[in-house]
1. For the range 79-173, what relative contact order do you get, as a whole percent, if you take Cα pairs closer than 8 Å and at least 6 residues apart?
2. Residue-wise, which Karplus ³J(HN,Hα) couplings in Hz belong to the range 60-71, taking 6.51 cos²θ - 1.76 cosθ + 1.60, θ = phi - 60°, and x for glycine or proline?
3. Would you pull out the residues with amide H under 5 Å of TYR83's amide H, same chain only if 5 or more places away, H placed 1.01 Å from N?
4. Can you list residues whose amide H is under 5 Å from GLU138's amide H, if they're 5+ apart or on another chain and H is modeled 1.01 Å from N?
5. Ranked highest first by the average count of other Cβ atoms within 10 Å around their residues, in what order do 70-76, 54-60, 142-148 fall?
6. Report ³J(HN,Hα) in whole Hz for each residue of the range 75-81, in order, from the Karplus equation J = 6.51 cos²θ - 1.76 cosθ + 1.60 where θ = phi - 60°; Gly and Pro get x.
7. Between beta-carbons, use under 9 Å as the cut-off and find the net charge around ALA187, counting Lys and Arg +1, Asp and Glu -1.
8. Order the peptides 177-187, 115-125, 97-107 from the highest to the lowest mean number of other Cβ atoms within 10 Å of their residues.
Amino acid sequence: MSISQFNCVTCIDRKSILGHDSVWKIYNFGVAEFMHNYDPLSIVSSIITFMRSADGAVDWHSDGVAVTELIPFSISEQIQGGYLEIYNGLTEEGKAIFESGEIITSNKIIGLDHKCGYSTLGQFIGILHRTAPISVGEHVTLVLNLYSQEKSFIDDNRMFYLAADNDLNSGWVHELKQDVCNNQLPAYREYMHKLDAIGKADLI
C-alpha cells in the first residue's frame, strides 16, 4: 500500500514550531548543525537507526519522552515501507488489537512519509506509532529525543524502559536521580507556583 493511500497531516516546518531558526550551520555535504539547549526544547538523547528489510522494523509503541524529531540521513531511491505510521485512536485500543495478533487496518492509521532535507517533529508521548516494515530499499535516520526546558517534568519513561535500555551498572540511576532533583522537580514547582500566582491574580 502506498503512502498516498493514507491520510497525511499538514506539514509544519521547524521554524514555525520553535518560533525561530535553530539551524546555525549547514555543511556542503548536507548535514545541518543545530544549536543545543535551544528554547523551548532541549536534546536529551540521540540515536541513529539503520533499517533494511532484513533488519525488521520498529513495532507499535508509544514514547516516554515528550517530543521526538526524526531526521532522515539517507533514503534509497527505490523503497517500499519505512514511513511513520500513527494509530488514529486510543493507544490502549490499538495495543489491544496488535497484541491479540490482529492487523491494524489502514483506516485507523495516519501515514507520514520521510524526505531527505526535512524532519518530522512530533509529540509521540503516549501516542501509538511505528515504522512501517521495509520490503524494498533502506534508510538511515537520526532520532532526537527532546524535552521542554520549561516543563522538563513531562516525562513518561517507565522504570522498566530505562532499566531495559541501560547496562547492568547503576550509573544511569544516579543520572536519573540528579535529573529529577536538579531539573524536573524544580521545574515542576516553579510551574505550579506560576499557576498558583495566576489563580490568585484572577481572584483580585
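Only the coordinates and a few stated rules stand behind these numbers; no lab work does. The shown structure was predicted, so the numbers you read here are calculated from the model rather than taken from an experiment. Every residue, glycine among them, receives a Cβ derived from its backbone with ideal geometry; neighbour counts consider all protein chains shown.
1. Values: 78 pairs, mean separation 35.7, N = 95.
Reported relative contact order: 38 percent.
2. Going residue by residue, I get 4, 6, 10, 7, x, 7, 5, 9, 10, 10, 10, 10 Hz, with x marking Gly and Pro.
3. ALA132
4. SER76
5. Numbers: 70-76: 16.4, 54-60: 12.7, 142-148: 18.0.
The most tightly packed comes first, giving 142-148, 70-76, 54-60.
6. 9, 5, 4, 9, 8, 10, x
7. 0
8. Highest to lowest by the protection proxy: 115-125, 177-187, 97-107.
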